[in-house]
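Enquirer: Supplied in structure tokens, the structure appears directly below.
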Number of protein chains: 2
Amino acid sequence: MPAPTPAPGETKARRRAGRPMAAVLGQDGITAAALELVIKKGYDGLTMAALARSLGVAPSALYNHVSSKDDVLKLVEEDLMSKVDFGGFSTLPWEDAVRQWAYSYRGIFARHTPLISVIAVLPVTDAPQTLAMYEAVTEGFLRAGFPEQQIIPCIVALEAYIFGAAFDANAPADIFDSGKLADSTPHFTSAVRSLGPERNNYPSDLAFSMGLDALIAGLGALRD
Amino acid sequence: MPAPTPAPGETKARRRAGRPMAAVLGQDGITAAALELVIKKGYDGLTMAALARSLGVAPSALYNHVSSKDDVLKLVEEDLMSKVDFGGFSTLPWEDAVRQWAYSYRGIFARHTPLISVIAVLPVTDAPQTLAMYEAVTEGFLRAGFPEQQIIPCIVALEAYIFGAAFDANAPADIFDSGKLADSTPHFTSAVRSLGPERNNYPSDLAFSMGLDALIAGLGALRD
DNA sequence: ACCAATAAATGAATGCCGTTCATTTATCCC
DNA sequence: GGGATAAATGAACGGCATTCATTTATTGGT
């Protein structure tokens, strides 16, 4: 990973002389195929072998366009980032723009949680879509009157919440079933039951909305 | 995974007649060895083979005590949960108790992010330590005057934030380096630079503190 | 028209992984 | 001491990401 990745966008370098065999597919094709594969079979089904097969190519051929499987995940991530809706930051009041952005962001990555561990730690350098999103969000915060130094921490806090909530959205409905230990956790068990007549309904969406409102209110107070 | 797991705590069942060979190590020993291995070599080093070797046993022997590697991860998770400090909920004002709990929780799991994808989706049934924590937190919320139905969503929201922040805490200092694309993201780049004279210092701790305060303030307003 | 250079594609091989299974080994009750 | 029980073993399996020497196709320069 600290290896000399050929800087996503080109594979090695273009020198001077003769041209190669026509590439079966470049990084765009690999990205599209990987995404399709993930949608159809999930992240367990995303193997280099399966990816190659869906492109009609031998697995080893992929390594002419991509330096590792992690590279493929980065490509998919960038593609997903371009689908996050941050348009509200140029048209809506700050609160509504944040809400719209956060819902879109969470909605997309809730179905791609295996990418979160990669994203959260991945430098944005040379990730144009991700950078475009950050630029738009930053502009929205500036326009709303946030001091410049507060903006990045605010975005980081919101993103942390969004990523965590994306995991949460995949929890099974019975995640809080205390089972045979219910007797030793009376208050918790009662609180869970109080959520509704149907037991075991997990309040992921309600919780997301509540926490997001709290964050928006709390962070919004930092404006000049 | 939906397989008939022998219900963590016993491996199969105890019948009537003769006793077995003395078990080299039970689940407690496996848990301890796994945790030690993770601390020393990281989660990449936690393989069934390495785990067995550190216990002086053949890999296949582990499967007499544990039904899969995922099972091992669950055991480690429970162990870590028991180390989360929720003591403040019986002694401190609600705000301070939440803060103490959140910092402890994040601090522990920041070094165990590979577990988060497991935890966030894992039923608490038969996870005594986890349940003990939830019970204490719930009691704290009740004592602070929260309506019963709000408590679980509040906890879920806080946990989402904590998990996301745990990922964040592992981000490299240069994660926001916009590199050669800096020109096309002027506001964002400027906001990043405004964080300090030393460029590339990632504000994970500051962001966590800010977001946590916002959440505490916003959720705290839900009390009766 | 050919040749040298270039890169893409191949197929075989590597090493690691989690997991299974028939078998052996040790322990205890009766 | 015999029979039941479960733990431990070692060999095997299939799948995985990745490497590498080799072949194939394409091109620009002469």
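Enquirer: Tell me which residues, restricted to the stretch B:32-58, are within 14 Å of DNA strand D (Cβ to nearest atom) and loosely packed, with under 14 Cβ neighbours inside 10 Å.
Expert: If the condition is that a residue be within 14 Å of DNA strand D (Cβ to nearest atom) and loosely packed, with under 14 Cβ neighbours inside 10 Å, then B:D44, B:A49, B:G56, B:A58 are the ones that fit.
Enquirer: Moving on. Can you tell me which of B:S104, B:S117 is free of Cβ contacts under 8 Å to residues at least 24 places away in the same chain, touching an Asp or Glu at 6+ places or on another chain (Cβ under 7 Å) and either open to solvent by less than 30 Å² (accessible area, probe 1.4 Å) or among the small types (G, A, S) (or both)?
Expert: Only one candidate passes the filter, namely B:S104.
Enquirer: Oh, and also: Restricting attention to the stretch B:38-50, and to residues there that are closer than 15 Å to B:K74 by Cα and more than 14 Å from chain A (Cβ to nearest Cβ), which single residue is farthest from DNA strand C (Cβ to nearest atom)?
Expert: B:V38
Enquirer: With the structure loaded, tell me whether A:S67 is assigned to a loop (DSSP other than H, G, I, E, B) and away from chain B (no Cβ under 12 Å) or whether it fails that test.
Expert: Against the criterion (assigned to a loop (DSSP other than H, G, I, E, B) and away from chain B (no Cβ under 12 Å)), A:S67 qualifies.
Enquirer: In addition: How do the pairs read when you match residues in the stretch B:42-57 that are within 20 Å of B:H112 (Cα to Cα) and in the same structural domain as B:A32 (by TED's automatic domain parsing) with residues anywhere that are more than 7 Å from DNA strand C (Cβ to nearest atom) and not aliphatic (A, V, I, L, M), using Cβ under 7 Å and keeping only pairs 6 or more apart or on different chains?
Expert: Here the result reads B:Y43/B:P114, each pair linking the stretch B:42-57 to a residue that is more than 7 Å from DNA strand C (Cβ to nearest atom) and not aliphatic (A, V, I, L, M).
Enquirer: I need every pair where a residue in the stretch B:67-91 that is surrounded by 15 or more Cβ atoms within 10 Å (Cβ to Cβ) and small (G, A, S) has its Cβ under 7 Å from the Cβ of a residue that is part of a helix (DSSP H, G or I) and modelled with pLDDT of 95 or more, sequence separation at least 6 or different chains.
Expert: Going by the 7 Å Cβ cut-off, the qualifying pairs are B:G88/B:D96; B:G88/B:A97; B:G88/B:Q100; B:G88/B:W101.
Enquirer: Among the residues that make up the stretch A:40-58, is at least one of them under 15 Å from the mean Cα position of the chain (by Cα) and assigned to a helix (DSSP H, G or I)?
Expert: Yes, the stretch A:40-58 has at least one match.
Enquirer: Name the single residue, out of those in the stretch A:1-25 being surrounded by 12 or more Cβ atoms within 10 Å (Cβ to Cβ) and within 9 Å of DNA strand C (Cβ to nearest atom), that is modelled with the lowest pLDDT.
Expert: A:T11
The values are calculated or read from the model by the stated rules, or taken from the named source; none is laboratory data. As the structure is a prediction and not an experimental result, all values here were calculated from the model. As a convention, Cβ positions derive from the backbone with ideal geometry for all residues, glycine included, and neighbour counts pool all protein chains shown. Remember, those area values only see protein heavy atoms, side chains included, never the ligands or the DNA or RNA. Shrake-Rupley method; radii C 1.70, N 1.55, O 1.52, S 1.80 Å.
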